[in-house]
Amino acid sequence: MGSFTTLKAADGHEFQAYVAMPEGAAIGGLVVVQEIFGVNQSIRDVADAYAKDGFVAVAPAIFDRYERNVELGYGDGDMQKAFGLYAKLNMDTVLLDVAAAFDEAKAKSGKDVGVTGYCYGGLTSWMSATQGETVKIKPACAVGFYPGGVGSVATQEPSCPVMLHFGGADSHIGSDQIEAVRTAHPEVEIFVYDGAEHGFANHMRPSYKPDAAALARDRTLAFFKTHLA
């Protein structure tokens, strides 16, 4: 079990982040970027799981700039609120928060740091790889799960190895977005999971697909151990 701590971004904004620590020496550090539902139980579970695997995992509360203590579920009401908060997000300031979480993961692990995320967090992972230098970080690697909108920034150049996971039946992310990344960056590891919908890796969402989620996690863990160990 991790716990919340207060971090400060370069622009002075103070926000909460969930930090999960491994029992022994860390393999590396990870920034875990939320979906549009806050640092809820699902994201905390992800961070805790990576801590059990030997990583320092830090999940920044990127909604804190607009509303504190956001923890949403997946029903209609929460979904509506999630999209309202999502509309306020600005990638420039999100990356400032990611950078503060990155520095925390690096300080606590003493090792290289990667970035991973889901949905909007998946897109943020990609942007951390391509725009990290703007906030003075350089991830050792990045992994994005169903990164919506990645097609519009596919031609940006990542500064580190990247892995992306997509659902083959994702109605939010068209195959054109996947192909845009594949065409621009054949070196990026891209996996598409047949029959998997948006959110397939989230064990608390109705779209959860256990077999695809397990395979994507195994691939991600191996990727992290290759680039962070």
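Cβ-Cβ distances below 9 Å connect the following pairs, each with a first residue in the stretch 203-224 that is farther than 27 Å from V113 by Cα, a second residue that is assigned to a helix (DSSP H, G or I) and among the polar types (S, T, N, Q), and a separation of six or more residues or different chains: R205/S42. Within the stretch 174-224, restricting attention to residues that are in contact with a helix residue (DSSP H, G or I) (Cβ under 7 Å, 6 or more places away or on another chain) and among the aromatic types (F, W, Y), the residue that is surrounded by the most Cβ atoms within 10 Å (Cβ to Cβ) is F200. Pairing each residue of the stretch 121-144 that is among the aromatic types (F, W, Y) with any residue that is surrounded by 24 or more Cβ atoms within 10 Å (Cβ to Cβ), provided the two are 6+ apart or on different chains, yields C-beta distances under 7 Å for W126/A142; W126/G144; W126/P147; W126/V162. Residues in the stretch 97-119 that are surrounded by fewer than 24 Cβ atoms within 10 Å (Cβ to Cβ) and touching a helix residue (DSSP H, G or I) at 6+ places or on another chain (Cβ under 8 Å) were compared, and the one that is farthest from T155 (Cα to Cα) is K111.
Only one entry in E197, E179 is at pLDDT 95 or above, within 18 Å of the chain's Cα centre (by Cα) and among the acidic types (D, E), namely E197. When the test is whether a residue is touching a Leu at 6+ places or on another chain (Cβ under 8 Å) and modelled with pLDDT of 95 or more, Q16 passes it.
Only residues that are part of a loop (DSSP other than H, G, I, E, B) and under 25 Å from F145 (Cα atoms): list them for the stretch 1-36, please. Before the answer, list the steps.
We begin by selecting, within the stretch 1-36, every residue part of a loop (DSSP other than H, G, I, E, B); these are 1-2, 9-13, 21-27, 34-36.
M1, G2, A9, M21, P22, A26, I27, Q34, E35, I36 - these are the residues of the stretch 1-36 that are part of a loop (DSSP other than H, G, I, E, B) and under 25 Å from F145 (Cα atoms).
Could you tell me whether A59 is under 19 Å from Y146 (Cβ atoms), touching a helix residue (DSSP H, G or I) at 6+ places or on another chain (Cβ under 7 Å) and of a type outside the set (V, I, T)? It would help to see each step written out before you state the result.
Working: under 19 Å from Y146 (Cβ atoms): yes; touching a helix residue (DSSP H, G or I) at 6+ places or on another chain (Cβ under 7 Å): yes; of a type outside the set (V, I, T): yes.
Yes: the conditions hold for A59.
The values are calculated or read from the model by the stated rules, or taken from the named source; none is laboratory data. This one's a predicted model, so the numbers in the text were calculated from it and none came from an experiment. Note that each Cβ is placed from the backbone with ideal geometry, even for glycine, and that neighbours are counted across all protein chains shown.
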